[in-house]
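The values are calculated or read from the model by the stated rules, or taken from the named source; none is laboratory data. None of these values were measured; they are calculated from a predicted model. With ideal geometry, Cβ positions are generated from the backbone for all residues, glycine too; neighbour counts draw on all protein chains shown.
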Amino acid sequence: AQKVTQAQTEISVVEKEDVTLDCVYETRDTTYYLFWYKQPPSGELVFLIRRNSFDEQNEISGRYSWNFQKSTSSFNFTITASQVVDSAVYFCALSEDLMDSNYQLIWGAGTKLIIKP
Amino acid sequence: EPEVTQTPSHQVTQMGQEVILRCVPISNHLYFYWYRQILGQKVEFLVSFYNNEISEKSEIFDDQFSVERPDGSNFTLKIRSTKLEDSAMYFCASSDGLAAYEQYFGPGTRLTVT
């Protein structure tokens, strides 16, 4: 069965520290997609990154980086030199390559990240 | 840049009333979704819609819920007789035929049932 686990419920760090948010997933499929979304206090869901199961290259975008490891079924997200504006709830999500026109996202429980000034 | 829009942004209704949440997906998209997020909890899948029919629905999506694409632009979620536990943020999403897995989300409608 598909499942996404974000074991860290809440993380609190001081500004400028690096922080890593963990995501572990379970899927029966060989083709799947992994996502990270940010949900600021205003409530909207902001897309951060998508990764397909065939692309294990790590990705860096500014202060954000993602480490995808199929061997451990993990897709971790690191923020370098954190800023107060990074404070939000971060969700990891999974979508399988289903044949029935359904690409529903399976969501983790989210990690609330608090960056203190 | 095209975006998914949702109206209203906040809806307050009394228990037992019917509500319709509206979404306008991105115009050339083919797949449509509704998700729900109870305050402080994870986002949950409700229903997916493709080719004018439901392709998948979750256990949450019971007989009280229905979806419709009444014209070429709107995608609606109707809750027939609201319950207190329906209070949540409802997100609409859409994706195109080439990258169906890449869903674009609307800003959400906060539904409060009193």
Residues that are of a type in the set (A, V, I, L, M, F, W, C) and in contact (Cβ under 8 Å) with a residue 60 or more places away in the chain: which strands (runs of 3 or more DSSP E) entirely in the stretch B:1-81 hold 2 or more of them?
B:19-24
In the stretch B:27-41, the residues that are under 23 Å from A:Lys38 (Cβ atoms) and surrounded by fewer than 18 Cβ atoms within 10 Å (Cβ to Cβ):
B:Ile38, B:Leu39, B:Gly40, B:Gln41
Between a residue in the stretch A:91-104 that is farther than 14 Å from A:Leu45 by Cβ and more than 7 Å from chain B (Cβ to nearest Cβ) and any residue that is in a loop (DSSP other than H, G, I, E, B) and modelled with pLDDT under 65, which pairs come within a Cβ distance under 9 Å, given they are 6 or more apart or on different chains?
none
Quick one: count up the residues across the stretch B:87-114 that are in contact with a Gly (Cβ under 7 Å, 6 or more places away or on another chain), over 14 Å from B:Ser48 (Cβ atoms) and more than 10 Å from chain A (Cβ to nearest Cβ).
1
A:Thr72 vs. criteria over 30 Å from B:Cys92 (Cβ atoms), away from every other protein chain (no Cβ under 14 Å), within 13 Å of the chain's Cα centre (by Cα) and β-branched (Val, Ile, Thr):
no
Can you name every residue in the stretch A:56-105 that is modelled with pLDDT under 90, more than 25 Å from B:Gln41 (Cα to Cα) and not in a strand (DSSP E or B)?
A:Glu56, A:Gln57, A:Asn58, A:Asp97, A:Leu98, A:Met99, A:Asp100, A:Ser101
Are any residues in the stretch A:61-117 aromatic (Phe, Trp, Tyr) and in contact with a Ser or Thr (Cβ under 6 Å, 6 or more places away or on another chain), and if so, which ones?
A:Tyr90, A:Tyr103
Tell me, please, whether a residue that is at the interface with chain A (Cβ under 8 Å from one of its Cβ atoms) and within 15 Å of the chain's Cα centre (by Cα) can be found in the stretch B:62-85.
no
